[in-house]
Structures are given as C-alpha cells and as structure tokens.
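Let me begin by presenting the structure, written as structure tokens, before commenting on it.
The values are calculated or read from the model by the stated rules, or taken from the named source; none is laboratory data. Since the structure is predicted, the reported quantities are computational estimates derived from the model, not experimental observations. These accessible areas exclude ligands, DNA and RNA; they are computed on the full protein's heavy atoms, side chains included. Shrake-Rupley method; radii C 1.70, N 1.55, O 1.52, S 1.80 Å.
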Amino acid sequence: MKRLVGALLALTLAGGAAPALAQNAPPGARPPGPGGPPQQAGGTIRGTIVDAATGRAVSSAQVAVWSAADSALVTGAVVRADGAFRVEGLRPGRYYLRVSSLGYETATTGVLAVAPGAAAPVDAGTVRLAQGAVQLDALDVSTERATVAMAPDRNTYTTRDLPSAAGGTATDVLRNVPSIEVDGDGKVSLRGNQNVAVQINGRPAPMQGEQLAGFLQQLPASMVERVEVIPNPSAKYDPEGMAGIVNLVLKQNTDLGWSGGTQLGMGTGEKYNASGNLGYQRGPLTLFFNYGFNADKRETTGFNDRENLPFGGAPRSFFEQDILGAFDAVSHSLNSTADLKVGRQNTLSGSLLLSRRDFEAQTRNFYRRLDADGALFGRFDQRGTNEHADATVDAALAFKRVLEPQRHELSAELRLNRSDNTLLNDFEELQLALDGGATAIPPSLTLRELDALATQWTLQADYTRPLGGRSKLETGYKGTLRGLDNDVAVDTFAYDPDGWVRDLGQTNAFEYDEKVHAGYAVLHHGIGRVDLQAGLRLEQTDREFYLANNDSTYPTDYLSAFPSALAAWNVSDTRQVKASYSRRIQRPDSRLLNPFPFFEDRQNQIRGNPLLEPEYTDAFELGFQQSMPWGSLQLSPFYRHTTGAIRRVKTVENDLSTVTFKNLDQSDSYGADMTGSWRLGQSLNGFASVNAFRMVSEGGSADGDLSADAFGWSARVSANWKVTPRLDVQAMHMYRAPMDVEAGRISGFQMTNLSVRQKLMGERASVSLRVMDPFNRMGFGFRTFDDTHEQVSERKFGARAAYITFSYNFGRPPRIQPRPQQQPEPQPGGDIGIN
C-alpha cells in the first residue's frame, strides 16, 4: 500500500510538476565543467540526490525551489545522471527545496540563504530519498502544472484548465492545441495534412474516416486528460499517418478511495451534454468508469455553382445548386478500465470502450439547369432523409511486468474492436415548373440501405531492457487482422408498373481483409547532454478486396521497411536542439478502394479505385526549443517527400459530378512550425503558433493536370486571463489561409472561441460559459476545375452557439497514470515546460 501511494504521488509530480519547474528554470542554466559558459548572475544552490537505502544516485528526481518568505514556487531543475543538480540565477533571499521522484517520499530541506553578491554556491548537501508513502494532503500542485510539456519526440498539452472545452467534446479540445486543425466535418489535420494517425491511450483509434470524426464529436471533453502531438514518431509506433500521431490520453486511474464527478451542460439550438466519472482504488485494485452523453442539433447551408465545359461533344451548360440541411445527433459513450497489481512488478489490466451514435439529417436541395446562353431550362427540388447509426465495442486485456520503470519492462496486449454501421438514405426529387411552381410529373424516388460490419484483432508484445549506462533497447511485435463486410442495396421506384426496382448499377457487396505483421527494434543511447535513437520496423501486409457482384478479387501483398532516427542535444536545462527522421505510410481503406458509386445526391457521386497503392513518406524535421521565465519558443522546420500520393480527382460527365482517387508520382512539402508561449505574472498566459509550408506535387505524364505548386499557412492564438483566483477567461482564434491544391483551390477558414469559468465551492465545482464561433465565420469554400468543368462551392456549418456547463467533483479528482511504454525517455536536461 505504501509503495502504491508513493508511486501515484511521484507519477503525478513527475508528469505535472516537473514541466512547471522546468519552465521556471533560469535560461541558460548549464552544469559546471571545464570550458563551460560563465556563471549566470545571481545566487546558486547545488546538491546531490541519492537513495537513502542504497546510496545510489536518483537521476529521475525533480528539485523544486520555494521561497521561505511566502511559500511561492520560484524555479526548479531536473537532476543529472550522477544525481547532482544545480540551480542558478537566484535572487538574494531564503529558500527551501522539495525533492520528489517516482516511488519515493517527497523530501524537504531546511532553509537555505542566498546572500547578496555571494560568489560561492550554497551547498544543500546530499538529500536522501526514502521509499514509501506520503500524505496525499501534500499533493496540491495542480495550480503549478504546466499546460504544455515539450520532450524530444512529442509535445504534451494538458486539458484540465481549458475552459473553452468545458461542456464540449474531444473535437473542441483538439481545436485548442497548436498545429492541430479540425474542419467543419470533424476531420483532424496536423500542419495542414489530414493524413494523421489518431490514437486513444497510445493505441490506434478504434475507427477511421467519418466514423472517427463522429466518435471525437461525441467523446466528452471531460474524459480527455491530455493530448500528445508526435510529428515524427520512431519505428516503435505504427507508421500510418503521414503527418504524425495525435494521441488522446483519457482519464483512467484515481487516488486512493472513491472519487468522481459530474458535468451537465446545455447550449443554444437544442444542444445538451452530460458526463460523469467514478473511480475506486483500494490496495492492488483500481477501477475507473466514465459515461458521456451528447445531443447536438444544427443547420447547414451552402451552394454549388458549376459550369460544364464543352468537352467530348457535350455543349456548354450551367448548374446551380442551393443546399439547406438540418441534422440531429445523439451519442452515448462509456469508458471503463480495471488494473490489478499482482505483486510489486506485475499488473493485469482490462479496458472496455462502448459508443453508440444515432444521426438523422434532413436535406433540401434546389437546383437549376441553364444552357450555354444562361437561359433556364430546368428547375428541381430534391429532398433527402439520412438515418445513420453506428455502435462500437473496443475491448482489451493486457499484462505488464516492470522491473525498472521505462528501462526494463515487458508488456503484452490482446485487443478486439468491432463496429456495426447502418445507413438509410431516402431521396425524393421533384421537377418544378420554370417559375418554381408544381408540375404533374411524379417525383423520382430512391432508397439506399447500407450495412457494414468491421472487425479488428490486434496482438502486441513489447520488451524494453537496459544495455548499461543510459542505453536501452526496445523491441516488439504487432499483428493486426482487419475485416470488413459491406452490403449496399439501392432501389428506385417505377411507376409502370408501380413498385420498387433494384438498381444493379449501384447495389453491391464487398469483403475487405487485411493482415499486417510487424516487428521493430529501437536503440536509445545517451552521451552527456546528447540523446540518440535509431530504429527499424518491418511490416508484411497482405490485402484482399473482393467484389461479390462481378466476382472480382484484387489481392496484393508487400513488404515495407520503416527506419527512424533521432538526435537531441540538451544544450541546457532550458534549451534543446534536435533532428529526426521517419518513414511513414498511408494504406488506402475500403472507402477509397470500392469502385461502386456512392451518391451524395443525384448530381454528385464518389467512386473508389480498387487499384490504389499505398503512399510512402520520408519525413525530416529539425527542432529548437527554448524555455524562459516568461514563456518558451519552439521552432520546427520540416521536409516531407511522398511517393504515390493519394489524391481526390473530380470529373463531370452528362451533368454528373464524380469524385475518385488516384496515385500521383510524388509530392514534396517543406515549411516550419513556430510556437511561442508567454506568462505575464500569475494572471495572464497563452500561446501563439504559425505554420507555413510549400507543397509541390507531380501527377505524372498521364495526370499533368493534377500537378500543383502551392503555398499555405495558418495561425492560431490563445490567451487565458485569471481575473481572480476563481474566475478564468479564455479567447482563442485560428485562421487558415486559402491554398491551391491539385486541380482546385481551397478557401480560407477561421474560427473563434470565447469562454469564462467561475469556480465554486473551493475547487469542487465550477460553472462555465462558452461561445463558439460568435462571429459566424466557421465555414469553407472550394473551387475545382479541369477540362470538363469549373465549380465553386461553399458550406456553412451552423456552429455558432453558446454553452453553459456546471461541473462538480467529489472525493479526489481522477489523476492519470501514464503508460510508461508510451512516454518519452527522461532527458538529462528535463522536459521543457511552459504554462
């Protein structure tokens, strides 16, 4: 019991306090040594941290410097490999130290006095840490916890203090994270690229595409503990996702005893949300449950204006479409985990994630047809009903043996994901008189039913062992079996004789099976303030796509190699320079492969390409991170070379617009991310980020019209103002500039969030008011063109709304227990934290 409490405390301090301490570390702090830089002005405290029982250095310890005058946190440092620490740049005064580490009691020193003009460092001596429990009442560091922690391979963003996400969903959380963009359809992109691998608790998300967007829009923000952005992952991770990995870590474990909370909210336009969590930990058993409910109604508007060019003998004509829509979405989600400690080193775990989403949409499209002279010759009214339901079950059993945290571990996991997706589309098209009046022509009726069942089994084993000093080796295997059964039935109504007739041109059934076997090895080595990493992952993929209608099979198999490398130089405790490389892949899914058409309406269809091949990307990135007392700066230039890039292709024939997919020869993109944070005293902090890049793609000799040379950029700014200790105000705005793409151009996109939160009953309750898109600017437009057409389109999502949310916590709030195998290796200079 004592060791368990101590581990929980140390995990919380290491994951929360360390970044905050590093953020306050004086800039330029370096270890002493020959040839080192001159001493920074101000006083210095030094010392050594050792294990009280063995006398060995505790290199993972965190040192916090507190003012003896007012008990305020001043600065801090992370201990070096030999157990020594040095804190420089202190003003004259009286201080005391608090030292913490995983599995140890927190130690507090006596008062240390820094005299004015003192040249010699103040020696804190040897601080001995004893293993065992500490009083949980001392675990009050949340107000000093960093919002962002920067490590060599990732940035971690905590979400606890984001009032703009209060009462919202995981999508709202992601919209507050620098470099991440979420469009109106809920699709996630990183640095302008939608080829992102989204993970939940360090594992691939249990769904993809539109299902994933819907899942994120139903997952309550209160379930998300932090977001990890990994732009250039090592060979240990799945290589899918050209732009990198976005990992959402959900709240899982709690302090001792019972704890929980509830959140209730409502928004304008009949929007409601509720969530609750309950945690229990006693002895070796830990249980956690979280339930979320979300109901959302919105209205959408838009238009399509298309000019059909004279091509292949077809005359010039015009098509104008006005789009009106309304949707009603209701979702439920349940996340539960259970951990059982078996002895001191072994843990058995189980998790279960259930989600259910029901979506109903009503559409009304008015469209007009005009001849080459612009004279109206056809007017139509199209009405549609879309009823969509999907249910997902994701279950996992896991075993973990920890001999030395993050250095000598063995873990294994068996996971099953099953998703059932049903869709019913009902279309009715009325031909109107040219003046808009009714006609005697009977309506055209179409009924489309889809039933899809997706199943995925995953078996994964990982082993990490030390090789001496600061070297370690990570190895592992992962096997994935994916299967999808998809049946689509389309009927049209015939008036002579009356009755529904099966449309064999659209009705189809297919089976999709994919097997991926992967093995990897990653070697880590540290030399002084330099950390090196090299890895290789091999994957064998066997895929078969079978069409039942024409008894066609499209089998393929291929072996892929994914090397990775990382070099990080911790120039000081607050400055880091790094370089990294990784190879990535995007495999075409069944939606991109299915050659049978999916009709959005009678004028627009999507048709897959069963001959698509995967695209490969070589990603190179440099990084510079600097932390200062008032904030931090991060600059990341990058370059990506992609072969076989998958792109959307749009053509028009006989007034029917068709979107399909092709592989380009290659695509190159290069640019830079810059993110800066600031902290003005204790009341005002925020961040600003800018991403700029150039993308050059070559379609090849057969697809020259798909080549493009474009420049894009986006910017985001977020500010938090603590008006009083219990009143917070936050504002966030993002803008993405217009950008050329292959055979088209995307318009600019912008979004604003404003929020205010008042804490009540101490820290146990709060009420929040959030206004999303107050200026009603959330929408996008696009222009496409080729030899057959030129089209201009626009969509508005009806996102503007005001939400009010009340939350209440009882017991102790849930605290995350990090998955050690997913965390970056601790660096000698420590993570660079900003707040």
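Excluding same-chain neighbours fewer than eight residues apart, the lysines reachable from LYS341 by a Cα-Cα span under 30 Å are LYS2, LYS236, LYS251, LYS400, LYS472, LYS478. The phi torsions of the range 579-589, fed into the Karplus equation with coefficients 6.51, -1.76 and 1.60 and a -60° offset, translate into couplings of 9, 8, 9, 7, 10, 10, 9, 10, 8, x, 8 Hz, rounded to whole numbers, with Gly and Pro shown as x. Largest first and in whole Å, the equivalent-ellipsoid semi-axes of the range 495-625 read 49, 19, 9, each the square root of five times a Cα gyration tensor eigenvalue.
Provide the per residue accessible area, probe 1.4 Å, for the range 310-426, rounded to a whole number of square angstrom.
Working: 5670 Å² over 117 residues.
Using a 1.4 Å probe on heavy atoms only, each residue of the range 310-426 averages 48 Å².
When a 1.4 Å probe is rolled over the protein heavy atoms, the share of accessible surface on the range 347-494 that falls to carbon and sulfur comes to 59 percent. Counting only residues at least eight positions apart within a chain, or on another chain, the aspartates and glutamates with an alpha carbon under 15 Å from that of LYS187 are ASP172, GLU210. Note that the range 537-554 has calculated 3J(HN,Hα) couplings of 10, 10, 9, 10, 10, 10, 10, 9, 10, 10, 9, 6, 4, 10, 6, 9, 10, 10 Hz, one per residue in order, obtained from phi through the Karplus relation 6.51 cos²θ - 1.76 cosθ + 1.60 (θ = phi - 60°); glycine and proline are x.
For Cα pairs less than 8 Å apart in space and 6+ apart in sequence, what is the mean separation divided by the residue count of the range 432-541, i.e. the relative contact order in percent? Show your work: numbers first, answer last.
Numbers: 211 pairs, mean separation 26.7, N = 110.
This gives 24 percent for the range 432-541.
For the range 197-204, putting each phi into the Karplus relation 6.51 cos²θ - 1.76 cosθ + 1.60 with θ = phi - 60° gives couplings of 8, 8, 10, 10, 6, x, 10, x Hz, in residue order, rounded to whole numbers and with x for Gly and Pro.
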